[in-house]
1. What about T86, is it under 30 Å from W225 (Cβ atoms) and β-branched (V, I, T)?
2. Identify all residues within the range 17-33 that are farther than 19 Å from S265 by Cα and part of a helix (DSSP H, G or I); write none if there are none.
3. Any residue in the range 184-195 that is modelled with pLDDT of 90 or more, acidic (D, E) and surrounded by 13 or more Cβ atoms within 10 Å (Cβ to Cβ)?
4. Considering only residues of the range 215-246 that are surrounded by fewer than 18 Cβ atoms within 10 Å (Cβ to Cβ) and within 15 Å of the ligand (Cβ to nearest atom), which is nearest to L22 (Cα to Cα)?
5. If I go through the range 133-158 residue by residue, how many of them are without any contact (Cβ under 8 Å) to a residue 60 or more places away in the chain and over 14 Å from S12 (Cα atoms)?
6. I'd like to check something: does the range 204-214 contain any residue that is outside the structural domain of L127 (by TED's automatic domain parsing), more than 30 Å from H39 (Cα to Cα) and either within 16 Å of the ligand (Cβ to nearest atom) or assigned to a helix (DSSP H, G or I) (or both)?
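The values are calculated or read from the model by the stated rules, or taken from the named source; none is laboratory data. The model shown is predicted, which means the values in this text are computed figures rather than measured ones. When we count neighbours, we look across all protein chains shown, and the Cβ atoms used for this are built from the backbone with ideal geometry, even at glycine.
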Amino acid sequence: MSLPLPRSLSPSKVSTFRDCALAFRFSAIDRLEEPPSPHTTKGTLVHRALERLFWHHEPGDRSPETARAELAVAWGELEESGELETLGLGVDHAEERAAFRADAAALVDGYLRLEDPDRVTVLGVELTLEADVGGLLLRGIIDRLDLTDGGELVVVDYKTGRVPAEHQEHQRLGGVQFYALLCEQVLGRRPAKVRLLYLRQPVCIEADPSDQALRGLRQRTSAVWSAIERACATEDFRPKPSALCSWCAYKALCPAFGGDPALASAWPLESGPDETPLPAAV
Ligand code: SF4
């Protein structure tokens, strides 16, 4: 017996496998949907507001007021989805709900301190790119693809978590380099820059996707894929406890915490992830 291989790999899946093979199995092979958390929902809300800002407004019409108005639209969509109630942020929790929304507004304001959206030429937002790289299907969604005045492409990724420590920065940029690789394969042009916008601090981290960086990324991705193939063939996905376990949606199934992976068939279980503040990964 062997487990089925995932159809494709994304930067977040590569990162999940490297962090913990068992969490990867639950997510990518058993396809257990992660329940929403305040962190992920807030990130989605802010991404949606910025997506609307660039998709519905031309340069000259992207003022701070417009950005805040688009956050209000995105908030309305979220209210309609019922997700706030799932998170315990229903209308009967007015104070927590207001704090949640105010924090999302602070993240949008953080974005506006990083760049002037009126000066950005956007080619696409929330772009889904797929490419076959060496027989492996890579897939990713790019938050924003820009065109500079000099005609070069720039990949932009919004982050609502904390800025990574210096030793993690390389890994985070690796994720965005992955998008640069996808652009090169799908659009036939390598972006001149990849840029991570950390909205909370706010801080911008950027890198140039060099030949060497993309070659290294191809090699690392290929090595991860080989490891996934071996793990699927032997059904051997081991837990790797770390600080990240506090935010793991699958903790209740994890043998490292007394859980039983066999209960995956009864997913979703009653218990959810902890609500401890996120580390620098999101
Ligand atoms: S709780 Fe920790 S060790 Fe267990 S699956 Fe999640 S990340 Fe892996």
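1. So T86 fails the test.
2. F17, R18, D19
3. Yes, the conditions are met somewhere in the range 184-195.
4. R238
5. Within the range 133-158, residues that are without any contact (Cβ under 8 Å) to a residue 60 or more places away in the chain and over 14 Å from S12 (Cα atoms) number 13.
6. Looking through the range 204-214, none of the residues is outside the structural domain of L127 (by TED's automatic domain parsing), more than 30 Å from H39 (Cα to Cα) and either within 16 Å of the ligand (Cβ to nearest atom) or assigned to a helix (DSSP H, G or I) (or both).
Every residue, every condition in (1) surrounded by fewer than 19 Cβ atoms within 10 Å (Cβ to Cβ); (2) of a type in the set (A, V, I, L, M, F, W, C); (3) touching a Gly at 6+ places or on another chain (Cβ under 9 Å); (4) outside any loop (DSSP other than H, G, I, E, B), yes or no:
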residue	(1), (2), (3), (4)
P35	yes, no, yes, no
G43	no, no, yes, yes
H47	no, no, no, yes
E51	yes, no, no, yes
L71	no, yes, no, yes
D92	yes, no, no, no
A106	yes, yes, no, yes
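Residue-by-condition table, conditions (1) touching a residue at least 12 places away in the same chain (Cβ under 8 Å); (2) over 30 Å from P268 (Cβ atoms); (3) surrounded by 15 or more Cβ atoms within 10 Å (Cβ to Cβ):
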site	(1), (2), (3)
T66	yes, yes, yes
W75	yes, no, yes
L78	yes, no, yes
E95	no, no, no
